[in-house]
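Below: the structure, in structure tokens.
Read-outs: derived from the displayed coordinates by stated rules, not from any lab. Note that this is a predicted model, so its numbers are computed, not measured. Reconstructed Cβ throughout: ideal geometry from the backbone, glycine too, with neighbour counts over all protein chains shown.
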Amino acid sequence: MQYGICNLSIVPLRNEPTDTSELVSQVLYGDIFKILEQRKSWSKIRLDFDKYEGWIDNKQLLEITEEQYQQLHKETLKLSIDLVEFIEDNNQQLHPILLGSSLNGLSILNHKHDGSVVAGKKAKENLIKTAFLYLNSPYLWGGKTPFGIDCSGFTQMVYKLNGYKLLRDASQQATQGDPLSFIEESEPGDLAFFDNNEGIITHVGIIMSDNYIIHAHGKVRIDRLDHSGIYNVDSKKHTHKLRVIKKVI
């Protein structure tokens, strides 16, 4: 088995080994992964954090040893809490990193960082404060950053920055936590899941107080939540059908 670390700000994780393939997720600076298969130009990887799999370009891959991987795997994540920050390499060149980037591998990469860092579990009340850091971020299928993010990438990153682990896709996240019977039982920070006409869960958002929800739909936005689903405050109509509410924390 071979191992790698992301030494760039964002690397696209694709469904197939080609630049034109669907973006299924993103690998952020400092993320570590196992290399499952290597080809001439592409490698199939499995991310350590959520076990998500996909293909990345070999030009955007830096291999590390198994010992280094295991060391980073055991550590509590230290994450950048700044919207945009920079790390400095041995040549005093600056490289941008984004909110939620892992800083555990700085010594392995020989990089320096002087920005703000967050680590460990935070109080549940902090989730909404973190969610607001992504407010108005544009929607991007497969995205995980303030410059493009999808619904489950948004919930995953908000929880991650507070020390909690969510899986990558909305349907996967819906398997976590305990279901609630009514919206009235929920607390700010709980997750609401929504399904399509086939009953497949396709959307997720974070419940706020007073029957509001923050979620990624066109952009990260705040809408109303009722027993039917999400009521869009701009279009004045329901956009998502409520399936279940989960308490993960």
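Overview of values
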item: Two-decimal log10 I(q)/I(0) for the chain, as the Debye equation yields it once each C-alpha is a single scatterer, q = 0.16 Å⁻¹; result: -1.16
item: Three semi-axes of the equivalent ellipsoid, region 1-53, Cα gyration tensor, whole Å, largest first; result: 15, 14, 10
item: Trypsin sites (Lys or Arg not before Pro) lying in DSSP loop within region 4-74, provided at most 10 other Cβ fall within 10 Å; result: Arg39, Lys40
item: Vicinal HN-Hα couplings computed from phi for region 129-139 (Karplus, 6.51 cos²θ - 1.76 cosθ + 1.60; Hz; Gly/Pro x); result: 4, 5, 4, 5, 5, 9, 4, 6, 5, x, 6
item: Where GluC sites (Glu not before Pro) fall in DSSP loop in region 171-214, at most 11 other Cβ within 10 Å; result: Glu198
item: Point-charge dipole on Cβ atoms (K/R +1, D/E -1) for the chain, about Cα centre, debye to 20; result: 160
item: Derived scalar couplings ³J(HN,Hα) [region 4-16; Karplus, 6.51 cos²θ - 1.76 cosθ + 1.60; whole Hz; x for Gly, Pro]; result: x, 9, 8, 10, 10, 5, 9, 10, x, 9, 10, 5, 10
item: Percent breakdown of C-alpha pair distances by 5 Å bin, ordered from the shortest bin, for region 130-190; result: 4, 18, 25, 24, 18, 9, 2
item: Per-selection Kirkwood Rh - region 111-249 (Cα, Å, 1 d.p.); result: 15.0
item: Charge dipole of region 148-210 about the Cα centre (unit charges at C-beta), most positive-ward option of Asn162, Ala174, Gly199; result: Asn162
item: Binned Cα-Cα distances of region 209-249, short to long, each 5 Å bin given as a whole percent; result: 6, 21, 33, 26, 10, 3, 1
item: Mean Cβ count within 10 Å, highest first, over the residues of peptides 24-30, 215-221, 110-116; result: 24-30, 215-221, 110-116
